[in-house]
Amino acid sequence: MKAAQLVNEDGKQELEIKDVERPAVAEGKLLIEVHEAGVNPLDWKYAEGWYQAPTPVTVGGDFAGVIAEVGPGVTGLKPGDEVYGQAGFYNGGTGSFAQYDLAEAASVAPKPKTLSEAEASALPMTGMMALQALTEQLQLGAGQKLLIQGGAGGIGTIAIQLAKHLGAHVAVTCAADEIDYVKSLGADEAIDFRARKFEEVAHAYDAVYDLVGGDVYRRSYQILKSGGTIISTLERPDAELIEKYGVKAIYQSYNVTTERLNSLAELVDSGVIKVHVEKTFPLEEAHDALSYQENAHPKGKIVIDIK
């Protein structure tokens, strides 16, 4: 089978399309015939060497496809079922940028009925992050004020829609050419981060969902009301700022589960969440897909068409 793999050549890490052995099904796992694979920032960061990868290794985590084989100990799923989920090597899988991947059954669920396979493959990581942050960690409710830092990307696209469904007032920082997009998703306010400082217009917020990090994360503490909460996908809590502003801070960990995937599917199939795929690349152009994800700052998600 073909796969986009990171390999180490002469001490340099490279991404190559290779012919590799199809994974063998194992206890508690599913062999998936991958049709579409969603691209996440984590993928290009591994490819660029931000994190150590055990080369050679297939890149990618999110997928949508059909079950080819069911491993021992797996119940409730069978060959031929349309599914979506996570199969990153960092999550017990073999990587989704391939014609077949091996995934933990606990990270797979039936595909949302109303989504195409491309749309479904764009949902697992971003949807799970938004769902976990807003409903489990922030416990966002009606009438609360939420600021999403960097809201036009994959996680932000889902978070805006989910926050509005929960009854929150949603403000978003984004680029000027992303304002119409975030407002179309339901954002009440859109702040062009290049034109003005968000802390000059945002005050007494219940929560901040930080998808940017760095100085933006640190400046976000001051717009929270006393007792408010900031949650970040990138930054660890800052004890000094927590004490100074009297707020809570959470670093969001990463864990795709069947339960969360099922919850996302229900939200999608009931019309609460729509998935936006900006661009699709063939597997042979996986390198270009990762470069686009890194440099173009897509609205929503990028998908690799495997089939």
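Things to note:
- For Ala142 and Lys12, the FRET efficiency from 1/(1 + (r/R0)^6), where r spans their Cβ atoms and R0 equals 45 Å, is about 0.30.
- Peptides 113-121, 177-185 ordered by average Cβ neighbours within 10 Å, highest first: 113-121, 177-185
- Förster radius 22 Å - calculated FRET efficiency between Tyr251 and His203 (Cβ-Cβ, nearest 0.05): 0.35
- Relative contact order of the chain: 19 percent, from C-alpha pairs under 8 Å at least 6 residues apart in sequence.
- Cα extents of segment 126-251 along the three principal axes, largest first (Å): 37, 32, 25
- Sorting the segments 195-207, 33-45, 262-274 by their residues' average number of neighbouring beta-carbon atoms within 10 angstrom, most packed first, yields 33-45, 262-274, 195-207.
- Members of Lys18/Lys307; Lys197/Lys299; Lys12/Lys301; Lys225/Lys274; Lys29/Lys279; Lys45/Lys183 lying beyond 26 Å, as alpha-carbon distances in this model show: Lys12/Lys301; Lys225/Lys274; Lys29/Lys279; Lys45/Lys183
- Taking N as its residue count, the alpha carbon Rg of segment 1-55 over 2.2 N^0.38 Å: 1.30
- Estimated distance in nm for a label pair at Asp269 and Thr55, the labels positioned 7 Å out from Cα along Cα-to-Cβ: 4.3
- Across all directions, the shadow cast by the convex hull of the chain built on its C-alpha atoms averages 15.7 square nanometres.
- The chain - mean residue ellipticity at 222 nm from DSSP helices (-39,500 (n - 2.57) per run, n ≥ 4, rounded to 500): -6500 deg cm²/dmol
- Taken over segment 1-121, the percentage of Cα pairs per 5 Å bin, counting from 0 up to the bin with the maximum distance, is 2, 13, 23, 23, 18, 11, 6, 2, 1, 0.
- Computed from the Cβ-Cβ distance with R0 of 35 Å, the FRET efficiency linking Glu243 to Arg196 stands at 0.80.
- Distance between the modelled labels on Arg219 and Lys183, one decimal in nanometres: 2.2 nm (7 Å Cα→Cβ projection).
- GNM top mover of Gln144, Gln99, Gln132 - the chain, alpha-carbon springs below 10 Å: Gln144
Each value in this text was obtained by applying a stated rule to the coordinates, not by laboratory testing. Just so it is clear, the structure is predicted and the values come from calculations on it, not from any experiment. A quick note on method: Cβ atoms are made from the backbone with ideal geometry, for glycine too, and the neighbour counts reach across all protein chains shown.
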